[in-house]
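K.L.:
The structure under discussion is supplied below as structure tokens; questions concerning it will follow.
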Amino acid sequence: MTAIAPEVPRGLVNPTYLKLDIRRVLRNRRTLVFTIVMPVVFYFAFGASQSDGDAKGYVMISFAVYGAMVAATSVGASVAVERASGWSRQLRLTPMRPATYVTSKVLSAASIALIPVVVELLLGAVTGATMRASAWVVGGLVAWIGSLVFASLGLAIGYLVPSENAMQVMGPVLALLALMGGLFVPLTLFGSTLQTVASFTPAYGVGVLAHWQVQHTGSFVGAVVNLVVWTGVFGAAAAWLFRRDTGRV
């Protein structure tokens, strides 16, 4: 009697692979330190120590965005390690479709990026951050969903550089982007020229929109356009590099 092999899901989402990918990321202590511990340390250093509840809320949203963008980038960039270890090539030998692989990466990035957002909001709540209810909801959702633009950036970098260099390259780059996005210091402290330059950088859109219910800094329309454009740019780059990489096998 011939054994029948279990059918591999052919849908856009493979729950088994998605679960394995999330568990693999959560086992990486280095990723957890940079995505959860560091934003918490920054919040206690620059937010919880302030006496004004509104200021605490502003800093809380800033580091929720920063933690989420680092988490999303880390998950995307992990493809560099998978390529070096041969895991990506093994996956291509399975019936799993490339679109399923990319979708799983995005969903994995979304799942991991949600953790620092929730942690920062909980910390803000217990340390006295005060904002309108809409600011908590909108700020948290924008920090989470807006950070997914960096999942595409991480994927592009993961296909572009060797595994040992992916996050070493992205660490300083993300810190600089966070600074230019107004996550480390408010954009209002920048000079007019630097504010103009900052409005063209990738973290500007998600930073301005996440803070919008707390403080109106920058242009709302410009922030939306910024987020849409950079999502398209990073998504197109990741798709092109993915096709180039798969074409080599």
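The values are calculated or read from the model by the stated rules, or taken from the named source; none is laboratory data. Note that the structure is a prediction, hence the values are computed from the model and not measured. Glycine also receives a Cβ, built like all others from the backbone with ideal geometry; neighbour counts cover every protein chain displayed. Note: accessible area is taken over every heavy atom of the protein model, side chains too, but ligands, DNA and RNA are not part of it. Shrake-Rupley method; radii C 1.70, N 1.55, O 1.52, S 1.80 Å.
K.L.:
For a quick protection proxy, order the peptides 24-36, 144-156 by their average other-Cβ count within 10 Å, most packed first.
P.N.:
Ranked from most to least packed, the peptides come out as 144-156, 24-36.
K.L.:
Starting from the exponent 0.38 and prefactor 2.2 Å, build the expected Rg for the range 85-224 from its residue count and divide its actual Cα Rg by it.
P.N.:
1.22
K.L.:
May I pose another question? How would you rank 172-181, 112-121, 231-240, highest first, on the average number of other Cβ atoms within 10 Å across their residues? It would help to have the intermediate numbers written out before the result.
P.N.:
Working: 172-181: 18.7, 112-121: 23.1, 231-240: 17.0.
Sorting 172-181, 112-121, 231-240 by mean packing, highest first, produces 112-121, 172-181, 231-240.
K.L.:
Three principal axis extents, largest first, for the C-alpha atoms of the range 142-230, in Å?
P.N.:
Computed over the range 142-230, the largest-to-smallest principal extents equal 40, 25, 19 Å.
K.L.:
Which peptide among 88-99, 48-59, 72-83 comes first, and what is the full order, when sorted by highest mean count of other Cβ atoms within 10 Å?
P.N.:
By packing density, highest mean first, the sequence is 72-83, 48-59, 88-99.
K.L.:
If you take every residue apart from residue 61 with its C-beta less than 15 Å away from the C-beta of residue 61, what net charge results, scoring Lys and Arg +1 and Asp and Glu -1?
P.N.:
Cβ neighbours under 15 Å give a net charge of -1.
K.L.:
Still on this structure, I have one more. Pop out the ³J(HN,Hα) list for the range 66-79 in order, Karplus 6.51 cos²θ - 1.76 cosθ + 1.60 with θ = phi - 60°, rounded to Hz; leave Gly and Pro as x.
P.N.:
These are the phi-based 3J(HN,Hα) values: 4, x, 5, 5, 5, 4, 5, 5, 4, 5, x, 6, 5, 5 Hz.
K.L.:
Here's another thing I want to ask about it. Would you mind working out the accessible area per residue for the range 148-220, using a 1.4 Å probe, and quoting it in Å²?
P.N.:
41
K.L.:
Next up: In whole angstrom, and with the biggest value first, how far do the Cα coordinates of the chain range along each principal axis?
P.N.:
Each principal axis gives a Cα extent; for the chain these are 73, 38, 30 Å.
K.L.:
A follow-up question, please. Rounded to a whole number, what % of the accessible area of the chain do carbon and sulfur atoms account for, probe 1.4 Å? Present the calculation step by step, with values, prior to reporting the outcome.
P.N.:
Values: 8420 of 12140 Å².
Roughly 69 percent, rounded to a whole number.
K.L.:
For the range 46-98, which semi-axes, largest first and in whole Å, follow from the square roots of 5 times the eigenvalues of its Cα gyration tensor?
P.N.:
On the way: eigenvalues 345, 21, 5 Å².
Output for the range 46-98: semi-axes of 42, 10, 5 Å.
K.L.:
May I ask for the equivalent-ellipsoid semi-axes of the range 41-161, computed as the square root of five times each C-alpha gyration tensor eigenvalue and listed largest first in whole Å?
P.N.:
35, 13, 9
K.L.:
Normalised by the empirical 2.2 N^0.38 Å for globular proteins, what value does the Cα Rg of the range 94-138 take?
P.N.:
Scaled against compact globular proteins, the figure is 1.76.
K.L.:
Based on Cα coordinates alone, diagonalise the gyration tensor for the range 109-175, multiply each eigenvalue by 5, take square roots, and list the semi-axes in whole Å, largest first. Spell out each step's value before the answer.
P.N.:
Details: eigenvalues 178, 31, 16 Å².
Equivalent ellipsoid semi-axes, largest first: 30, 12, 9 Å.
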